[in-house]
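For reference, the structure discussed in these notes is given below.
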Amino acid sequence: MTWWAVLLAFLAAALAAPLVYMVLKRIGSRQKVSVHVPEHAAKQGTPTMGGLIILAGLAVGLRGAPPSLHVLVIGFALVGFLDDFLLPRWKPGSRGLGWVPKLLLQFGTAGAGAWLGGYSGTGLIVATVFLLFAANAYNFLDGLDWLAGIVGVVLALGLGMLGYLQGNSDAILTMSVLCASYLPFLVLNKPPARLFMGDVGSLPIGSVFGWA
C-alpha cells in the first residue's frame, strides 16, 4: 500500500508541475528579493509558490492521514498563500504579512493540529511550539536554488529511516510520499531555479517534519 501511495504522489506532483508553473507565471507570483541581499538580485521576479507541486503529491498520497496532519498542512498552506499572494495584491508594495499576525495565525494552526493529535495541558503547549518552530525553521531555507528541496529530501529520508527502525508505519508512509512529491519540484528548482517553494509550500512541509 505504501508503494502505491508513493507512486500516486509522484504522478500527482509530476502532472501538477507544468500546470502550476504556467499558472504562477501567468498570475505574476514573483519572488521579491530584499534590497539588503544584493548578491541575490538576479533571482528577483522568479515565480514562487512552487510548493503547490509538492502539496499536490501530499494531497493524493496521504489521503488517509490523521486529521491533525491535514489541519497542519491546510492551515499552514493558507497562511503561506495569504503571505505569498493575497496580501501583496491587497496592499501593493507589501512583502506579505507582518510578523505579529503571521505568528498568531501560525500559532492557531499549530495548536489546532497538536490538539487534534491528542495533546493537552503542558503537552499541548510544547507540541504547538515545536510545530511552530519546525514550520518556520524549514521556511528559512526557501529562496535559493535546490536548498529547501535537497535539505527536505535528506530530512525525509532520515526521518523515514528513523520511522522504519522504530516500526512507525505512519512516519514511513508520510516521509516516503514526501520524497516522491519533491522530485518534480526539484526539476524546476535546480540551478538556475525557475521556481521557488514560497511560504505556501515551506510552512506546511516544515509542519509535516515536525509532526513526523
Quiz item: Rounded to the nearest whole Å², what accessible area per residue is found for segment 90-165 with the 1.4 Å probe?
Solution: 61
Quiz item: Pulled fully out, how much extra length does the chain show between Val23 and Leu116, if you take 0.36 nm times their separation in residues and subtract their Cα-Cα distance?
Solution: 30.1 nm
Quiz item: Dipole size in debye (nearest 20) for the chain around its Cα centre, Lys and Arg Cβ +1, Asp and Glu Cβ -1?
Solution: 600
Quiz item: How high is the relative contact order of segment 54-191, in percent, with contacts defined as C-alpha pairs under 8 Å that are six or more residues apart?
Solution: 27
Quiz item: Among Tyr21, Leu7, Val129, whose Cα lies farthest out toward the positive end of the dipole of the chain, if unit charges sit on the beta carbon of Lys, Arg (+1) and Asp, Glu (-1)?
Solution: Tyr21
Exercise. Return the carbon/sulfur percentage of the accessible area of segment 123-177, one whole number, probe 1.4 Å, all protein chains in place.
Key: 77
Quiz item: Quick one: what Rg and Dmax do you get for segment 56-212 from the alpha carbons, in Å?
Solution: 15.4, 50
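The values are calculated or read from the model by the stated rules, or taken from the named source; none is laboratory data. As the structure is a computational prediction, the values presented were derived from the model and not from experiment. Counting neighbours? That spans all protein chains shown, and the Cβs are built from the backbone with ideal geometry, glycine included. With ligands, DNA and RNA removed, areas are computed over all heavy atoms of the protein, side chains included. Shrake-Rupley method; radii C 1.70, N 1.55, O 1.52, S 1.80 Å.
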